[in-house]
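Read-outs: derived from the displayed coordinates by stated rules, not from any lab. Since the structure is predicted, the reported quantities are computational estimates derived from the model, not experimental observations. Every residue, glycine among them, receives a Cβ derived from its backbone with ideal geometry; neighbour counts consider all protein chains shown.
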Amino acid sequence: MFSTYQRLKRRTTSKDLNRPDYLQALVTEFQDTTDKQAKEQVLANLANFGYDPINFQYLRDLHVIDLFVDCMDTDEDINGSIVEFGVGGLCNLAADAKNRESILAIPNSIELTIRCLSSANKETVLSAMTLIMQLVVPASRPRIISPALISCMEKFSTAEDARLRNIACVFLEDYCTLEERSSAAAKTDSQPLLHIPLPPAK
């Protein structure tokens, strides 16, 4: 067992371990360490491995997708780095169909992702918005697209930040019908939104 992230890096270089063993060492370190900074560093490292398709099967075998979802369901402040790297790791993995199926198979994954839209951490929100779009397939669409989510994205579509604004506009144009948007606007006008704490107004 490794006591710190730095010790892990020293003792498990690519020369010392093959790829799955190295990833297993990272997962073990994340689970065993009580040092918050070490957890964040290891989690960021695992999230970065999600960029490379060669790692997908290894990460699924090690249940890293479940680990990332658990990070979104943490007692830590939603604005914190653990949540940021958890949703970011899922975002990196979700472009792959098998990974997407694994994420959707976790009962609360969609709800936790939508919850991240209320974070004050911009990177968390951007990853959550992107992840939501990646998770929309015919079978999952009814679980994801809702008047509350559409209204939230409508609000983001007027954000000062160009990245937030652009991603929200893509979501509204590519994933929502005009009828759904009109219906969401009517419901927002007639009753308060439920389930999604909207981001604070500028």
Which chymotrypsin sites (Phe, Trp or Tyr not before Pro) in the range 11-108 pass both tests, a DSSP loop state and at most 14 other beta-carbon atoms within 10 Å? Y51
To two decimal places, what compactness ratio does the range 111-189 give when its Cα radius of gyration is scaled by 2.2 N^0.38 Å? 1.01
What is the dipole size for the range 12-96, taken about its Cα centre, with +1 at each Lys and Arg Cβ and -1 at each Asp and Glu Cβ, in debye to the nearest 20? 340 debye
Ranked by Cβ crowding within 10 angstrom, fewest neighbours first, how are C176, C169 ordered? C169, C176
The residues S118, S109, sorted from fewest to most surrounding Cβ atoms within 10 Å, come out as S118, S109
Sequence order, the range 142-153: Karplus ³J(HN,Hα) from phi using 6.51 cos²θ - 1.76 cosθ + 1.60, θ = phi - 60°, Hz rounded, Gly and Pro as x, gives x, 7, 10, 6, 9, x, 5, 5, 4, 5, 5, 5
1/(1 + (r/R0)^6) with r = Cβ-Cβ of K187 and K122, R0 = 35 Å, i.e. FRET efficiency to nearest 0.05, evaluates to 0.80
Counting other beta carbons within 10 Å of each Cβ, put S146, S183 in order, fewest first. S183, S146
Plugging the Cβ-Cβ distance of T177 and K98 into 1/(1 + (r/R0)^6) at R0 = 30 Å yields, to the nearest 0.05, a FRET efficiency of 0.55
Counting each pair of different Cα atoms once, what's the Kirkwood radius of the range 5-144 in Å, rounded to one decimal? 15.1 Å
Taking the Cα-to-Cβ direction at E160 and at S140 and moving 7 Å from each Cα, how far apart do the two end points lie in nm? 3.3 nm
